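Here is the structure we will look at.
Nothing in this text is a laboratory measurement; each read-out follows from the coordinates by a stated rule. Since the model is a prediction, treat every value here as computed from it, not as a measurement. Please note: Cβ atoms are built from the backbone with ideal geometry, for glycine as well, and neighbour counts cover all protein chains shown.
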Amino acid sequence: MATPLSAAPSHDPLAAKLTPADDRILLNHWLPPQEGIVPRVRIGTRWVSVLWALPLAFAGLILAVALAQGLLEFPAAKAFVARYPGIAQAAPSVDSGFPWWLRAQHFLNMLFMMFIIRAGIQILADHPRLYWKRDCTPGTDWFRFQKPVPTGRVWTAKDDSVTLPKWLGIPGLRHTIGLARWWHFSVNLLWVVNGVLFYALIFSTGQWLRLVPATWEVFPNALSTALQYASLNFPVDHSWTRYNALQQLTYFVTVFVAAPVSIATGLLQSPAISNRLGWTGRVLNRQVARSIHFISFAWFVLFILAHGIMVFVTSLRENTNHMFAGVESKSWAGLLPFLLAMTVVAAAWAVASPVTIRHARLVQHTGMFMVGWIKGLAEWWDPRSQLSETDISPYFWPNGTMPHSAEFDDLVADGFKRYRLRVDGLIEQPQEFSLADLRAMPKQEQVTTHFCIQGWSGVAKWGGVPMRHILDLVRPTKEARYAVFYSLADGADGGRYYDVHKMHNMRHELTILAYEMNGEPVSVIHGAPVRLRCENELGFKMVKWVAAIEFVHDFADLGAGEGGYNEDHEFYGYRMPI
Ligand SMILES: Nc1nc2c(c(=O)[nH]1)N[C@H]1C(S)=C(S)[C@@H](COP(=O)(O)O)O[C@H]1N2
Ligand SMILES: [Mo]
C-alpha cells in the first residue's frame, strides 16, 4: 500500500542537497583532460590511420600530373579537350557579375562555417566513434579517434570522451558538448537563414545559372577540366560570367547536396524527430545519420581546402576582385576587403574558445534564446516510435555518475525492500511508494531507442509504471507546471543529480518509471530500482536511481536554476528533444 504523506514538507530536504553551479568553466572541477588518438578508419578488421591519406594524396597528385601530361600528348586526348574545353557551349552565361548580396552571403557563409565545423568536431569528440548500426556495440565502430573500449571495468560514455586543442574545438575542453551544441545549433540557424535567402535570391535573379548544370555536356567538360588542371595547364577562366564544368559540379554538390544532407542528417539524430518519423527514422537511424553527417562534413572540409587553394593558384587578384569587390579587373580592388574579411574570421576564431570558457553561462543562455524555441516545439511531438524485441541492442552503453553512498548500498543490500519513492509538492495526494507498490500498478512495456547527447544510441525493452498513472494517483494541482526528479546519486561535480520536466512531457504515451530493462529488474548501473524513461528527450533527462518526484511551479530556486544537474553544471538546455 502506498503511504500517504500528511502534507508536503514546506522545505524539501532533497532540494537542499542540490548544488549551485558556477557560471564559468572551473578548470580544476572539470573532467580532467584525456588525449584521443590519431583518427583511424576500419578497413575489414584492420584499423588504418588517416595520416596515410597524406602520402597517398601526394603520390596520387604526382601520378595524376604525370598521367594527365602523358595523356594530353595523344591526338585523341587533344581533340577531346578541344571539343570539350571546360565550359559547355550551351552553358548560359550570367552578366550581372557578383552582386553585393551574393558577396555578403559568401562572407557570412565562411564565418558561419568556421563556427559550425569547429563546434561539430567538439560534439564528435564527446563520443569519438562512428558506427553504421544503431547499437554502438564496442568493436563495431568504423571510425574512431579513441582507443578500443577497455574491458573488465565500467567504461561510461563520459569516460570515453576526449580533449581537443582549443584552436580546433569550441571550446576545446573535454566533455563540453553542452556548450559546443549551443554554438553548433545557433550558428546553424543563421547559416540556414543565410542559405534559404541565397536560394531565393539566386533563383529570382538568374544567378542560379552559374551553379546548376543545364546540359549533359557538363560531364565531359568536367573531365576535360580535371585533365587540364592535372596537367598543370589550367583551363581559361571565365568565372565572371560562367564557371567551368568541374567548378560548377563541385559548387552544385556543395550547395544543393551537401548542405541539405547535412541539415537532414543533423536533425535525424534527435530523439523527437527520429522517433516521430517511424520507418524513415529506423532506416536512417541515429548512427547512419551521424555517419552520413560526418561524411558530408568531410566533403565541406575538402571543398573549403580545395576552393581556398584554387582561389590562390588560379588568380588571387581576379578572384578576390570578383567575390570581395564585385568587379572584373586586374586591379587590387578586392584584396583589401578580402584581407579584412579574413581578419574578421581569424579574430572570431581566436576568441571563440576563450570567450566560451569564461562566459559559459552566457553562451548557454544565448543559445537557448536562439534555438531553445525550436527545441521546445519538438517536445510537443509524441514519441510514437516503438521497435520490436528483435531490435534490442546486444550492448547498451552505461553513462553518468554512479551512486556512492552508504544509504544506496543499504538499499541494494536488502534488494530495495526499504526503498520508497516519495512524490510530493503541488499535488493533492502526497505519498510514498514502495517498489512493490509500483510493481502492483498497471505495467507498460516499450522497446525504444535511447539517444545520449554524446552521440551513442541503444535499444532496450523497458517495463514500468506510466507516469500518466502516477499523475492520476497524486493529482497535481493547477499550479504544478514541472515535475522534478531527484536521484539517490550525486552528479559528477557533487550535489544531487536531478532533472526537471514540463508537465506535458509527463503525459506522453511513452513516459514511464521503469523498473525493468530487457525483462529483468533494472541493474544498478542502469538505474535500479527505478529510472525515468522519457522517449522524446535526450538521455541525460532520464534520471536514474529516482529518489523522489516533486511537482513545482518554477525551478529557478533549484540548484543553479537551469532545470537540472547537467543544465546547471554542464550548460545543457532543459528542453532537449533535439
Ligand atoms: N542520477 C543520474 N541519472 C542519470 C545520469 C547521471 O549521471 N546520474 N546520466 C544520464 C545520462 S547522460 C544518460 S545518457 C543516461 C544513461 O543511462 P544508461 O546508463 O542506462 O545508459 O542516464 C542519465 N541519467
Ligand atoms: Mo547522456
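Tabulated values for the structure
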quantity	calculated
Peptide ranges 466-477, 295-306 listed from the most packed, as the mean C-beta count within 10 angstrom indicates	466-477, 295-306
Additional length obtainable on full extension of the chain from A90 to I295, 0.36 nm per residue less Cα span	70.5 nm
Dipole of the chain [Lys/Arg +1, Asp/Glu -1 at C-beta], most positive-end residue of L471, L316, T401	L316
Separation of the A306 and E520 label points, Cα + 7 Å toward Cβ, nm	5.1
Positive-end residue of T366, L124, P337, charge dipole of the chain with Cβ unit charges	P337
Span-rule helices in the chain, defined as complete DSSP H runs reaching 15 Å or more along the axis (Cα) with Kyte mean at least 1.0	53-71, 100-124, 177-205, 335-358
Label-point separation, L362 to V65 (7 Å along Cα→Cβ), nm	4.9
Cα extents of the chain along the three principal axes, largest first (Å)	93, 47, 43
Unsatisfied cross-links (Cα-Cα over 32 Å) in the set K147/K375; K147/K541; K417/K478; K17/K417; K166/K502; K166/K461	K147/K375; K417/K478; K166/K502; K166/K461
Extended-chain gain in nm, criterion 0.36 nm per residue less alpha-carbon gap, L72 and S329	89.4 nm
Cα-based shape type of region 461-543, given that a ≥ b ≥ c are square roots of the gyration tensor eigenvalues and the cut on a/c is 1.5	oblate
Derived scalar couplings ³J(HN,Hα) [region 419-431; Karplus, 6.51 cos²θ - 1.76 cosθ + 1.60; whole Hz; x for Gly, Pro]	5, 10, 8, 8, 10, 8, x, 7, 9, 7, 10, x, 7
Relative packing of peptides 81-88, 384-391, 279-286 - highest average C-beta neighbours within 10 Å first	81-88, 279-286, 384-391
The chain - mean residue ellipticity at 222 nm from DSSP helices (-39,500 (n - 2.57) per run, n ≥ 4, rounded to 500)	-13000 deg cm²/dmol
Isotropic mean projected area of the C-alpha convex hull, region 371-510 (nm²)	10.5
Note, ³J(HN,Hα) from phi for region 481-493, Karplus 6.51, -1.76, 1.60, rounded to Hz, x at Gly and Pro	10, 9, 10, 9, 9, 9, 9, 6, 9, 7, x, 4, 9
Charge dipole magnitude, Cβ of K and R +1, D and E -1 - the chain, Cα centre, debye nearest 20	1240
Radius of gyration and Dmax over the Cα atoms of region 378-448, both given in Å	17.0, 43
Rounded FRET efficiency, nearest 0.05, which uses the C-beta distance separating E479 from S315 and R0 of 60 Å	0.30
Nearest-0.05 FRET efficiency for S405 and H29, computed from C-beta distance (R0 22 Å)	0.65
